[in-house]
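> I'd like to ask some things about the structure below.
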Amino acid sequence: MNYLAQFQAVFNQELKSVAKITQIINDNQYWGETNHIAVKLYGKGYAVGQTVFYNVKTGEILETAPDLDMVELVV
C-alpha cells in the first residue's frame, strides 16, 4: 500500500464547477457567472450565453455543460 500515492491523489483531484459565459475578453479569456459571482475563465471557441464546466483552481474551461437552470442549495 503506497500511502504517499493515496495522499497525493486526494489533493490532486480536479475541482469542477459550472458557469455561464457572460463576456468575451479576448481570444482565450472570458468572464463567467456562477451563483451571482463573476469568475475569469480561460479556453478557446466559446460564446456568450454558453454554460461550461471549468476547473476551480485554474479557471480553465473543461467542456460545455448542459444548459439547465442553476440552483444553489444551502446545506
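The values are calculated or read from the model by the stated rules, or taken from the named source; none is laboratory data. None of the values given here were measured: they were computed from a predicted structure. Don't worry about glycine lacking a Cβ; one is built from the backbone with ideal geometry, like all the others, and counts go over all protein chains shown. When the accessible area is computed, the model is the full protein with side chains, heavy atoms only, and any ligands, DNA or RNA have been set aside. Shrake-Rupley method; radii C 1.70, N 1.55, O 1.52, S 1.80 Å.
> Return an integer: the convex hull volume of the alpha-carbon atoms of the range 1-41, in Å³ per residue.
Convex hull volume per residue, Cα atoms: 90 Å³.
> Still on this structure, I have one more. List the aspartates and glutamates whose Cα lies under 12 Å from the Cα of Lys44, skipping any in the same chain that are fewer than 8 positions away.
Asp27, Glu60, Glu63
> Would you mind working out the accessible area per residue for the range 1-73, using a 1.4 Å probe, and quoting it in Å²?
Values: 5470 Å² over 73 residues.
For the range 1-73, the solvent-accessible area averages 75 Å² per residue.
> With r as the distance between the Cβ atoms of Gln13 and His36 and R0 = 25 Å, compute the FRET efficiency 1/(1 + (r/R0)^6) and round to 0.05.
After rounding, the FRET efficiency stands at 0.45.
> Specify the residue with the greatest mean-square fluctuation among Ile21, Ile61, Ile37, computed from a Gaussian network of the chain linking alpha-carbon atoms under 10 Å apart.
Among Ile21, Ile61, Ile37, the largest mean-square fluctuation in the Gaussian network model of the chain belongs to Ile37.
> Taking amide H atoms as placed 1.01 Å from N in the peptide plane, list the residues 5 or more away in sequence, or in a different chain, whose amide H sits under 5 Å from that of Val56.
Leu15, Lys16, Ser17
> Which percent, nearest 5, of DSSP beta bridges in the chain are antiparallel?
If we restrict to bridges inside the chain, about 95 percent are antiparallel.
> Relative to the compact-globule scaling 2.2 N^0.38 Å, provide the ratio for the alpha-carbon radius of gyration of the chain.
Against the compact-globule rule of thumb, the ratio is 1.30.
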